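Remarks on the structure that follows.
Bear in mind that the values in this text are calculations on the coordinates, not laboratory data. All figures in this text were calculated on a predicted structure; none of them were measured in a lab. In this analysis, Cβ positions are derived from the backbone assuming ideal geometry, glycine residues included, and neighbour counts consider all displayed protein chains.
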Ligand SMILES: NC(=O)c1ccc[n+]([C@@H]2O[C@H](COP(=O)([O-])OP(=O)(O)OC[C@H]3O[C@@H](n4cnc5c(N)ncnc54)[C@H](OP(=O)(O)O)[C@@H]3O)[C@@H](O)[C@H]2O)c1
């Protein structure tokens, strides 16, 4: 099979030819048809993703394809089934743990899905709706599940509740869609008025351009009528203080992202004086993937690149012009 492997922080990916994987007992082999990129993949490629990492890793965590082989003892999956591959094949359900985190594809020492085939535990291969394409299914494992965890992994957003989504990337666009499907109001921020118009077309009731409005948290709180119930916080330390202005007393911040970096001064008194719950999220389980895909929400795939253009897909994500997800088509 053909696969791409990392080739150093600033180097193009390396295309390699290697033996097809064989399914071990309890595993299936998935012929990967599409993969999508997440911001995480840019951090992995630059070698800045947490602890240690295999230098020639097969990157990308999010893929979908067709089961082409099943190992001994597999009774729940069949050859020919169209499946999405879970982000952490070792997290079936239940609480998060370091061991489950260590199973995450396309990071650390676990090869990912930018390959024509991958062997995974049968439970990690989750069927998706018949009318979705592979690119749509491949959008779910990281971005979709993370957005799902933000909205429903804590107190749970209710009809009429108010959600702030920061930016218009993969996680935030999913969060907007899930929130609208649940009957919640959504306010979006973005660096671009054009992107805010698209967010409105997806059901956001208002948008605030964070390049033009420095105190955008106050503006969001005003629109919400006293603060939002939940913030999907993808910016990290550089946006958290504004998120604390945007959230209502007793509200919740789902802490997901690091787009502005890893360090910074946080207004801790705004957290405790307002009784705000801040909940750290690391994607979610295979059970969350099943539930999220059952929502029927169709992901927004902004652009699809050919397998030979994998480096261009990375460059496109880094440039930040996208809304929703960027995909790579793999195989025939
Ligand atoms: N913890 C987890 O489980 C988990 C899972 C998935 C992702 N993440 C993290 O969540 C973040 C988003 O990931 P993603 O894959 O959705 O990224 P993405 O698709 O690349 O989207 C990033 C978007 O965020 C917006 N943005 C960039 N800088 C911003 C800033 N300073 N303030 C506000 N918005 C900003 C931009 O939207 P506009 O162009 O509209 O401004 C940009 O398009 C990343 O930090 C990623 O590592 C964490």
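Ranked by the mean number of other Cβ atoms within 10 Å per residue, highest first, peptides 180-186, 107-113 order as 107-113, 180-186.
Between residue 56 and residue 98, the FRET efficiency estimated from the beta carbon spacing at R0 = 25 angstrom works out to 0.55.
The separation of region 242-277 from region 70-108, counted between C-alpha centres, amounts to 32 Å. Ranked for footprinting exposure by Cβ neighbours inside 10 Å, fewest first, 266, 271, 157 give 266, 271, 157.
Relative to the dominant Cα principal axis of the chain, helix 237-246 is inclined by about 50°. Is the shape of region 100-186 rounded, prolate or oblate, going by the alpha carbon gyration tensor and its root eigenvalues a ≥ b ≥ c, with a/c under 1.5 for rounded and a/b larger than b/c for prolate? Prolate is the answer for region 100-186, as a/c is 1.5 or above and a/b outweighs b/c. Counting neighbouring beta carbons within 10 Å and listing from fewest to most, the residues 46, 97 come out as 97, 46. Shape call for region 165-290 from the C-alpha gyration tensor, a ≥ b ≥ c root eigenvalues: rounded (a/c under 1.5), prolate (a/b greater than b/c) or oblate? Cα axes put region 165-290 in the rounded bin. Our estimate of slack between residue 277 and residue 46, defined as 0.36 nm per intervening residue step minus the Cα-Cα distance, is 79.9 nm. Compactness of region 1-135 was expressed as the Cα radius of gyration divided by 2.2 N^0.38 Å, which yields 1.03. Remark: the residue 312-residue 265 segment gains 13.4 nm on full extension, using 0.36 nm per residue and subtracting the alpha carbon distance. Residue exposure proxy: 195, 325, ordered by other Cβ atoms within 10 angstrom of their Cβ from fewest to most, comes out as 195, 325. Is the shape of the chain best called rounded, prolate or oblate, per the rule: a/c under 1.5 gives rounded, else a/b larger than b/c gives prolate, else oblate, with a ≥ b ≥ c the square roots of the Cα gyration tensor eigenvalues? Prolate. Comparing mean-square fluctuations of 36, 162, 268 from a GNM of the chain with C-alpha springs under 10 Å, the top value falls on 268. Considering helices alone, the calculated mean residue ellipticity of the chain at 222 nm is -7000 deg cm²/dmol, with DSSP H runs of length four and up weighted by -39500 (n - 2.57) and normalised per residue. Relative to the current alpha-carbon distance between residue 16 and residue 130, full extension at 0.36 nm per residue lengthens the span by 37.8 nm.
Taking 7 Å steps out from each Cα toward its Cβ at residue 197 and residue 295 produces label points 2.6 nm apart. Helix 170-181 axis versus longest C-alpha principal axis of the chain: approximately 70°, rounded to the nearest ten.
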